[in-house]
1. Given the options S77, S26, name the one that is surrounded by 10 or more Cβ atoms within 10 Å (Cβ to Cβ), in a helix (DSSP H, G or I) and not aliphatic (A, V, I, L, M).
2. Determine whether segment 57-73 contains at least one residue that is at pLDDT below 95, assigned to a helix (DSSP H, G or I), loosely packed, with under 10 Cβ neighbours inside 10 Å and over 14 Å from the mean Cα position of the chain (by Cα).
Amino acid sequence: PLSQAEERILKKVRRKIRNKQSAQDSRRRKKEYLDGLESRAAACSAQNQELRKKIQELEKRNGSLLRQLQALIKQTSNKTAQTSTCVLV
């Protein structure tokens, strides 16, 4: 059997051990959380780069199609109107 003073000291030591373990667990969980956030940030950054590249390609394609359309409009507006006769029988 332990005296009251020894029991108090034992409780104090056990509490310190539990607090130390809890602090370690808390730091570990925080590190895991931050690692997850960093991983997500890297993935989002990579996806962002891909989307920017795709936007650039689509803008080039859009410009090319616009030039083609303008050329076709110019070509059709420069043609002289031809008259034709339709015969109904």
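The values are calculated or read from the model by the stated rules, or taken from the named source; none is laboratory data. From a predicted model like this one, the values you see are computed outputs, not experimental measurements. Note that we place each Cβ from the backbone using ideal geometry, even for glycine, and neighbour counts take in every protein chain shown.
1. Details: S77 fails: surrounded by 10 or more Cβ atoms within 10 Å (Cβ to Cβ).
Exactly one of S77, S26 is surrounded by 10 or more Cβ atoms within 10 Å (Cβ to Cβ), in a helix (DSSP H, G or I) and not aliphatic (A, V, I, L, M), namely S26.
2. no
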